[in-house]
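Participant: First, the structure itself, so that you have it in front of you.
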Amino acid sequence: MRPPTLRVGQGFDIHAFVDDPERLLVLGGVHFPGERGLAGHSDADVVAHACADALLGAAGLGDIGQHFPDDDPAFAGADSIGLLRRAGQSVRDEGWTVGNVDCAVICERPKLAPRRQDMADRLSDAVGAPVTVKGNRAEGLGALGRTEGIAAMAVAVVWR
Ligand code: MG
């Protein structure tokens, strides 16, 4: 019997805050009321986007931009948890089992800790495997430190 093939994927995403009261802040599928939203074609959920890219990369399936083009009206305002779910399904359709996804979010605000488990639960449900989320402040450094946006980095492990 051959040993399983393990693969790792990395995902990164960054979105800028916008002064548009119509834009809601959604991170890991969780709405943060009263916070400025992020610019983007979809709902700009950087956490879901980084996780999707990590999964697609692990399976050698390209990136989120190829699967869900940001000039396609079908994805305008899209719920990125739905896109993540579809990315996970694409990975499984190729015979891969998802081991886990771990995501680090870098931002000065909002405070993530109170909603961290909610985000992990929503992301895990979408992926069908454990997803963990960690929050990191940017310590005042650079654009993220000036609260101009939010970045997220994720890694995923798959095997078959
Ligand atoms: Mg994005």
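Participant: Just one of (1) within 16 Å of the ligand (Cβ to nearest atom); (2) of a type in the set (V, I, T); (3) surrounded by fewer than 16 Cβ atoms within 10 Å (Cβ to Cβ) trips up I81, so point out which.
Facilitator: All conditions pass for I81, except number (3).
Participant: For the stretch 1-28, which residues satisfy the criterion of being more than 14 Å from the ligand (Cβ to nearest atom) and either outside any strand (DSSP E or B) or touching an Asp or Glu at 6+ places or on another chain (Cβ under 8 Å) (or both)? So that I can check it myself, show each step before the final result.
Facilitator: To start, the set of residues in the stretch 1-28 that are more than 14 Å from the ligand (Cβ to nearest atom) comprises 1-10, 19-22, 24.
Selection gives M1, R2, P3, P4, T5, G9, Q10, D19, D20, P21, E22, L24.
Participant: Right, something else. Can you list the helices (runs of 4 or more DSSP H) lying wholly within the stretch 38-99 that have 2 or more residues being touching a residue at least 40 places away in the same chain (Cβ under 8 Å)?
Facilitator: Working: elements: 46-58, 64-67, 80-93.
Answer list for the stretch 38-99: 46-58, 80-93.
Participant: Looking at the stretch 41-55 only, could you name the residues that are more than 9 Å from the ligand (Cβ to nearest atom) and either at pLDDT below 95 or over 9 Å from the mean Cα position of the chain (by Cα) (or both)?
Facilitator: Once the filter is applied, which keeps residues that are more than 9 Å from the ligand (Cβ to nearest atom) and either at pLDDT below 95 or over 9 Å from the mean Cα position of the chain (by Cα) (or both), the stretch 41-55 yields D43, L55.
Participant: Of the numbered conditions (1) under 13 Å from the mean Cα position of the chain (by Cα); (2) within 20 Å of A58 (Cα to Cα), D93 satisfies every one except a single condition; which is it?
Facilitator: It is condition (1) that D93 fails.
Participant: If you don't mind, there's one more thing I want to ask. For the stretch 86-108, give me each residue that is more than 16 Å from the ligand (Cβ to nearest atom) and either surrounded by 15 or more Cβ atoms within 10 Å (Cβ to Cβ) or at positive phi (or both). Reasoning before the result, please.
Facilitator: At the first step, the residues of the stretch 86-108 found to be more than 16 Å from the ligand (Cβ to nearest atom) are 88-100, 102, 108.
Correct list: G88, S90, V91, R92, G95, W96, V98, G99, D102, E108.
Participant: Residues of the stretch 109-131 being in contact with a helix residue (DSSP H, G or I) (Cβ under 8 Å, 6 or more places away or on another chain), crowded, with 17+ Cβ neighbours inside 10 Å and assigned to a loop (DSSP other than H, G, I, E, B), which ones?
Facilitator: Selection gives L112, A129.
Participant: Of a type in the set (A, V, I, L, M, F, W, C), surrounded by fewer than 20 Cβ atoms within 10 Å (Cβ to Cβ) and more than 15 Å from the chain's Cα centre (by Cα): does that describe A138?
Facilitator: Numbers: of a type in the set (A, V, I, L, M, F, W, C): yes; surrounded by fewer than 20 Cβ atoms within 10 Å (Cβ to Cβ): yes; more than 15 Å from the chain's Cα centre (by Cα): yes.
So A138 fits the description; yes.
The values are calculated or read from the model by the stated rules, or taken from the named source; none is laboratory data. Treat the numbers as computed from the prediction; the structure is a model and nothing was measured. A quick note on method: Cβ atoms are made from the backbone with ideal geometry, for glycine too, and the neighbour counts reach across all protein chains shown.
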